[in-house]
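Below: the structure, in structure tokens.
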Amino acid sequence: MKLWLVLAAALLLAPRAPALTLAEAWQAAEAHDRPLAAARAAAGVAEPQRQQARALWRPQVALTASAGLGASDTRMHGAQFSAPGMGTVEGADFATSVHGGAATRVALQASQPLYNPVRRAQQQQLELQAEQTELALQAERQSAMLRTASSYLSLALAQEKLRVLQGQMQAVDSAARQAQDRFDLGAAPITAVHEAAAELARLKAQLASAQADITTRMRTLADATGLPPGRLTVQLPAAARPEPRALALWQQLAEGASLQLREQRLQTRLAQAELDKYAAGSRASVDLIAQAAHERLGGHGDFGAARNTGLNAMVGVQLTLPLSTGGMRSGRAQEAAARLAAAQAQEDALREQLAREIEAAWLAMHTSVEQGMALQAALGASRLREDATHTGYELGERTLLDVLRARNDVAATQLQLAQARAGGVLARLQLAERAGQLDEAALQDASTPPGQGTNPSTP
């Protein structure tokens with residue numbers, strides 16, 4: 001028991017490193033948070049997707065070359081033949097053949113889309129996908145801020161609980177020594193000594209649990225920030241200020257700025273673009289094309305050595321009109337329509353869920369402010385009651401058990417006040433995150449030390 005008291009006193013008196021603020025914790029977590037790093041890497045596809053969207057309407061050029069073995073057999077009967085100095089010959093026959101000759105072909109083709117509704121839908125899809133990727137990064141960044149704040153506040157509450165328990169250990173140890181002295185003098189019953197010993201044993205168990213809780217929460221914050229656990233001395237921020245904006249204004253703000261809702265809207269638009277793509281698949285497309293090809297076949301055939309060469313070129317407009325895909329296009333259009341209906345339903349559900357979350361965070365923030373004021377008053381009254389109970393114990397009108405209970409009430413109120421303060425700060429940050437307004441300024445505002453350095457449970 002004495003060892004535990006010595007350790008508790010050492011923890012109280014040991015010099016502490018400067019407290020890490022919530023804003024500083026986020027600065028570390030921004031470069032170390034694993035889910036955020038994954039989202040940042042995924043966002044790298046946004047610009048290539050925009051490049052693909054632009055490339056859909058640029059000229060496409062292809063060069064093909066082939067070589068191999070070829071054969072050709074050409075027969076022509078009843079042709080008219082004429083040549084300078086030879087006159088005209090009717091009923092002429094021509095025949096050429098090459099068996100297993102060398103065949104080569106080189107072709108250059110370029111096309112420029114002029115009108116293509118399918119490509120237009122594909123372009124819209126790519127642009128929407130790029131925008132959705134960037135929105136996902138913004139949403140993950142705000143989620144990382146909220147995760148960091150939650151881990152930070154959890155550790156701050158755990159450290160505050162340990163501090164309160166250490167203060168109780170000191171107070172109970174002093175009361176135990178006083179009870180023992182009184183019992184030795186015959187001025188107090190042995191029950192007072194036993195009550196103090198039982199209280200010390202209970203606090204010892206709570207202290208061990210609090211230490212383990214701090215270790216766990218410190219590891220969580222260390223993993224998120226990449227900072228060594230030894231630097232993770234944190235403090236509870238100041239209580240959240242009452243939010244002046246009404247709930248209806250927050251709901252309206254979230255309707256247009258919520259990143260989650262904007263992502264879902266993009267998902268609905270993507271589903272619409274997919275449906276448009278298949279609906280446009282039955283429409284004609286027009287391309288400007290230019291092509292040139294050179295073909296050569298040489299070898300031996302039925303009439304000796306032979307060589308056939310050909311060169312053709314064309315510049316013009318090509319019209320393509322899809323006729324039938326065997327039902328594939330209509331089937332995909334029906335699938336796209338079903339996916340669009342599902343996306344619209346998900347958007348409606350998310351809008352309702354977001355409204356509930358905004359209301360819950362707004363109410364939690366206001367409730368915590370009211371709880372904080374009430375608990376601050378209760379803490380003052382509990383301390384006065386503790387002082388009065390201790391005075392009554394000195395005068396023999398109260399028992400040591402009464403003193404211990406009064407002290408426990410003070411400690412419980414201290415922790416409730418700390419929880420209300422942390423809950424209010426977290427609710428305000430959750431409100432900002434749901435409305436798409438969580439940023440460094442909000443974290444900096446939440447990093448304000450309580451009372452400019454005053455601990456919420458300090459007398």
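The values are calculated or read from the model by the stated rules, or taken from the named source; none is laboratory data. Predicted model, so just to flag it, every value in this text is computed and none were measured. Virtual Cβ from ideal backbone geometry, glycine too; neighbours counted across all protein chains shown. Quick note on the areas: whole protein, heavy atoms, side chains included, nothing else; ligands and nucleic acids left out. Shrake-Rupley method; radii C 1.70, N 1.55, O 1.52, S 1.80 Å.
General remarks:
- Computed from the C-beta positions of THR104 and HIS77, the FRET efficiency with R₀ = 45 Å rounds to 0.95.
- Signed unit charges on C-beta, dipole axis of the stretch 240-296, positive-most listed residue ALA284, LEU261, PRO244: PRO244
- Values of log10 I(q)/I(0), in the order q = 0.06, 0.08, 0.09 Å⁻¹, for the chain under a Debye, Cα-only, solvent-free model: -0.54, -0.73, -0.82
- In this rough spin-label picture, where each label sits 7 Å from Cα along the Cβ direction, the ALA305-VAL317 distance is 4.9 nm.
- Subtracting the Cα-Cα distance of GLN211 and ARG40 from their residue separation scaled by 0.36 nm leaves 58.0 nm.
- Percent accessible area from carbon and sulfur atoms, the stretch 136-199, protein chains only, probe 1.4 Å: 56 percent
- With all protein chains kept in place, the per residue accessible area of the stretch 295-395 amounts to 65 square angstrom at a probe of 1.4 angstrom.
- Packing around the peptides 286-293, 409-416, 312-319, taken as the average count of other Cβ atoms within 10 Å per residue, puts them in this order, highest first: 409-416, 286-293, 312-319.
- What the Cβ-Cβ distance of GLU397 and ALA360 gives, at R0 = 56 Å and to the nearest 0.05, is a FRET efficiency of 0.70.
- Placing pseudo-labels 7 Å out from each Cα toward the beta carbon at VAL61 and ALA198 gives an inter-label distance of 9.4 nm.
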